[in-house]
Amino acid sequence: MKKTTLMIYKNNPIIGGVYKLYLTGDVSAIHCPGQFVELSVPGQFLRRPFSVCDWDRDGVTVVYRTVGQGTRRLAAMMPGEGIDALVGLGNGFDTSLSGEKPLLIAGGSGVPMMLCLAKQLLAEGKTVTAVLGYRTASDIFLADDIRYLGVDVHLTTEDGSAGVRGTVTDAMEDLDYTYFYTCGPEAMFRAVNGVANTSGQFSLEARMGCGYGACMGCTIETVKGPKRVCKDGPVFTREELLW
Amino acid sequence: MVNTKLSLCGIALDNPVIPASGTFGYGHEFAEYYDINILGSLSTKGATREARFGNPTPRIAECAAGMLNSVGLQNPGVDAVIAEELPRLARVFHKPVLANVCGFSVEEYAENAAKLDKQPQVGWLEINISCPNVHCGGMSFGTDPRLAAEVTRAVKVVTTKPVMMKLTPNVTDIVSVARACEDAGADGVALINTLMGMSIDLRSKRPVLANVTGGVSGPAVKPVALRMVYQVYEAVSIPILGMGGVQSAEDVLEFLLSGATAVEVGAANVADPFACKNIIETLPAAMARYGITDLKDIIGGAHHG
Ligand SMILES: Cc1cc2nc3c(=O)[nH]c(=O)nc-3n(C[C@H](O)[C@H](O)[C@H](O)COP(=O)(O)OP(=O)(O)OC[C@H]3O[C@@H](n4cnc5c(N)ncnc54)[C@H](O)[C@@H]3O)c2cc1C
Ligand SMILES: Cc1cc2nc3c(=O)[nH]c(=O)nc-3n(C[C@H](O)[C@H](O)[C@H](O)COP(=O)(O)O)c2cc1C
Ligand code: FES
């Protein structure tokens, strides 16, 4: 973890209510996909956690949905403004366990982190498939960015307006995979756990206080006892979680 | 040159800045980021007899200029604190610490305090009779002067170390509770713990916290905390550990002027892992700015003239 000031380079809507934020500065503390950053939004007491969507030598990309005051204030910030940030939080995904054909499963705010995870798995020479779930066709974001990397992307929408009608598990049935990585709402986790036929990793979200393991705000019960989502996670294996 | 050194119940402090219980873990997370030996001391997470998961999540919420928590004393139990957490802390922090003690009965307070009393690292016992997040115990001891005195006496019997009673602001008259603790032999009082509050999520139209209520802390509570420290200072002659919304060196000076001998920093650590470090580093300049050369000289200064 590193505390640093990042500079807003771009902060643009990509679809209604979803923004892509590119921040430049020292992001050397990010070392693997699945980690997150905490951004201090002016006027808010607590920082806001966001997954790393992508990163390079010069900066980090975050894709966020405006849901409340903090994300709305973030959306109003302009290029050139500085943001006080904690960079490189959390354990991140372990790609060494993926086998040859990993499957990425994501919905909602779980989609962004799949971009850098897909990049990493592809760089390791693996064949990557993804199932991305959305409510409706106009909600779809980042699916093309992930497809262009060379990922076999399957879409689902709840109303059937694009891809398979239903939820991510409706598209998982016929897929052949060696391992899975998933992030999304809790109901999706339960459904994935119900149908998946391999081991896998789940990236959890929790209401956070600190984001670095000090306040015990984000704790979950696991087979190995209480764990902090922010510091011991956010990524946990299927076997560690209590179902 | 300014002097930031003080003494709290006879134990020397390099400076008055102490991370508050529950907001600093057992120190290791912060020791990864900076040398925590710059701190005056630190207060450990409240220890109970049994291991506790705490309350269901969500147990953190935000409010204007502060936060709410309903963590509910998650801790591995006093024996594990002694066997694992304190030795790990000793590797990164070499000064006496405040051991924060909780309990669900007078006997449990005494039992936990007796165990922590034997740890050489423990400088003071900070007895939390004020946690608003646990039912059947906790705060009820701090809301009744008679019970507060009873816990104080029970703990004093089992320890030779200074006993700081940590008081709740969720009372009509905090002064009477502070007096009761002093009369029962307390060596100091620590105040304030969090103020009971709540928050509503407009999207779900339900309370944000699974526990419905939680403790409010952070800058939002500072005026209340300062007022209480000021009132208690008028009424007791034992040292006061002041807290509630401290996030800058100026805040430290305000608490000392109100009557605190040292301060704890809570919610500020949750928002910024370097909060205490920044306060300590900026304290000498803030003192100089207000013409203060020795912190000792300003304790209770707001009461004179
Ligand atoms: C590890 C992690 C990674 C995340 N990654 C992303 C991402 O890549 N893209 C994205 O759009 N969102 C992501 N989120 C969710 C995002 O943090 C929240 O949507 C955001 O904090 C909401 O802030 P707000 O002020 O707009 O909402 P408010 O409801 O006004 O916020 C009030 C408080 O609740 C917290 N909060 C509210 N909703 C959530 C939530 N769903 N999860 C956690 N805390 C919440 C806020 O942080 C704040 O402390 C992630 C959350 C976590 C824990
Ligand atoms: C997340 C969190 C956990 C806390 N846990 C404890 C605890 O275990 N024992 C205790 O005596 N006080 C606990 N407190 C209260 C603080 O120590 C402090 O009294 C209070 O937060 C006021 O200070 P602040 O405004 O600087 O936060 C906790 C506070 C927070 C925010
Ligand atoms: S958010 Fe503070 S411990 Fe996880």
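Listing for the model above:
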{"item": "Residues located in segment A:206-230, provided they are touching a helix residue (DSSP H, G or I) at 6+ places or on another chain (Cβ under 7 Å) and surrounded by fewer than 24 Cβ atoms within 10 Å (Cβ to Cβ)", "result": "A:G213"}
{"item": "Segment A:1-18, residues that are away from chain B (no Cβ under 14 Å) and open to solvent by 50 Å² or more (accessible area, probe 1.4 Å)", "result": "A:M7, A:Y9, A:K10, A:N12, A:P13, A:I14, A:G16"}
{"item": "Tally, over segment A:1-51, of residues that are touching a Gly at 6+ places or on another chain (Cβ under 8 Å), of a type in the set (V, I, T) and within 10 Å of ligand 1 (Cβ to nearest atom)", "result": "2"}
{"item": "Test: residue in segment B:241-257 that is within 14 Å of chain A (Cβ to nearest Cβ), within 16 Å of ligand 1 (Cβ to nearest atom) and open to solvent by less than 30 Å² (accessible area, probe 1.4 Å)", "result": "no"}
{"item": "Candidates A:G133, A:G150 - the one that is assigned by TED's automatic domain parsing to the domain that holds A:T169 and surrounded by fewer than 20 Cβ atoms within 10 Å (Cβ to Cβ)", "result": "A:G150"}
{"item": "Filter result for A:P185 (within 14 Å of chain B (Cβ to nearest Cβ) and either charged (D, E, K, R) or surrounded by 17 or more Cβ atoms within 10 Å (Cβ to Cβ) (or both))", "result": "no"}
{"item": "Which listed residue, of A:F45, A:F93, is within 16 Å of ligand 2 (Cβ to nearest atom) and either open to solvent by less than 40 Å² (accessible area, probe 1.4 Å) or out of contact with any Phe, Trp or Tyr (no Cβ under 8 Å at 6 or more places or on another chain) (or both)", "result": "A:F45"}
{"item": "Condition check for A:D54: acidic (D, E), within 14 Å of chain B (Cβ to nearest Cβ), more than 16 Å from ligand 3 (Cβ to nearest atom) and open to solvent by 20 Å² or more (accessible area, probe 1.4 Å)", "result": "no"}
{"item": "Selection count, segment A:58-90, where residues are open to solvent by 40 Å² or more (accessible area, probe 1.4 Å), over 17 Å from the mean Cα position of the chain (by Cα) and touching a residue at least 40 places away in the same chain (Cβ under 8 Å)", "result": "6"}
{"item": "Whichever residue in segment B:204-240 is within 14 Å of chain A (Cβ to nearest Cβ) and among the hydroxyl-bearing types (S, T, Y) and, among such residues, is farthest from B:A271 (Cα to Cα)", "result": "B:S204"}
{"item": "Residue that is farthest from B:I298 (Cα to Cα) [pool: residues in segment B:28-46 that are open to solvent by less than 10 Å² (accessible area, probe 1.4 Å) and at pLDDT 95 or above]", "result": "B:F30"}
{"item": "Cross-chain or 6+ apart pairs with Cβ under 7 Å, segment A:203-219 first and more than 7 Å from chain B (Cβ to nearest Cβ), then of a type in the set (D, E) and assigned to a strand (DSSP E or B)", "result": "A:G211/A:E38"}
{"item": "Output for segment A:128-155, where each listed residue is of a type in the set (V, I, T) and either part of a helix (DSSP H, G or I) or touching a helix residue (DSSP H, G or I) at 6+ places or on another chain (Cβ under 9 Å) (or both)", "result": "A:V128, A:V131, A:I146, A:V151, A:V153"}
{"item": "Hits in segment B:58-85 (condition: touching a strand residue (DSSP E or B) at 6+ places or on another chain (Cβ under 7 Å), within 15 Å of ligand 1 (Cβ to nearest atom) and at the interface with chain A (Cβ under 8 Å from one of its Cβ atoms))", "result": "B:R59, B:I60, B:A61, B:C63, B:G66, B:M67, B:N69"}
{"item": "Residues of segment A:186-211 that turn out to be in a loop (DSSP other than H, G, I, E, B), touching a strand residue (DSSP E or B) at 6+ places or on another chain (Cβ under 6 Å) and within 16 Å of ligand 1 (Cβ to nearest atom), as a count", "result": "4"}
{"item": "All positions within segment A:212-243 that are of a type in the set (D, E, K, R), part of a strand (DSSP E or B) and away from ligand 1 (no atom under 15 Å from the Cβ)", "result": "A:E221"}
{"item": "Checking B:M196 against (1) in contact (Cβ under 8 Å) with a residue 60 or more places away in the chain; (2) open to solvent by less than 40 Å² (accessible area, probe 1.4 Å); (3) within 13 Å of ligand 2 (Cβ to nearest atom); (4) out of contact with any Lys or Arg (no Cβ under 7 Å at 6 or more places or on another chain), the condition it does not meet", "result": "(2)"}
{"item": "Segment B:13-25 residues that are more than 14 Å from every other protein chain (Cβ to nearest Cβ) and closer than 12 Å to B:G242 by Cα, paired with ones that are open to solvent by 10 Å² or more (accessible area, probe 1.4 Å) and of a type in the set (S, T, N, Q) (beta carbon under 8 Å, 6 or more apart)", "result": "B:P16/B:T4; B:P16/B:T261"}
{"item": "Conditions (1) over 19 Å from the mean Cα position of the chain (by Cα); (2) of a type in the set (G, A, S); (3) at pLDDT below 95: number failed by A:S109", "result": "(1)"}
{"item": "Residue pairs meeting the criteria (Cβ under 9 Å; at least 6 apart or on separate chains; first in contact (Cβ under 8 Å) with a residue 60 or more places away in the chain, in segment A:117-137; second assigned to a loop (DSSP other than H, G, I, E, B) and surrounded by fewer than 24 Cβ atoms within 10 Å (Cβ to Cβ))", "result": "A:L117/A:C32; A:K119/A:L149; A:Q120/A:C32"}
{"item": "Segment A:209-239 - residue that is over 19 Å from the mean Cα position of the chain (by Cα) and acidic (D, E) and, of those, farthest from ligand 2 (Cβ to nearest atom)", "result": "A:E239"}
{"item": "Single unsatisfied condition, A:I15 versus (1) of a type in the set (A, V, I, L, M, F, W, C); (2) farther than 25 Å from A:V229 by Cβ; (3) under 15 Å from the mean Cα position of the chain (by Cα)", "result": "(3)"}
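The values are calculated or read from the model by the stated rules, or taken from the named source; none is laboratory data. These numbers were taken from a predicted model, which means no experiment stands behind them. Cβ coordinates were reconstructed from backbone atoms using ideal geometry, including for glycine residues, and neighbour counts include every protein chain displayed. Surface areas here come from the heavy atoms of the whole protein model, side chains and all, with no ligands, DNA or RNA. Shrake-Rupley method; radii C 1.70, N 1.55, O 1.52, S 1.80 Å.
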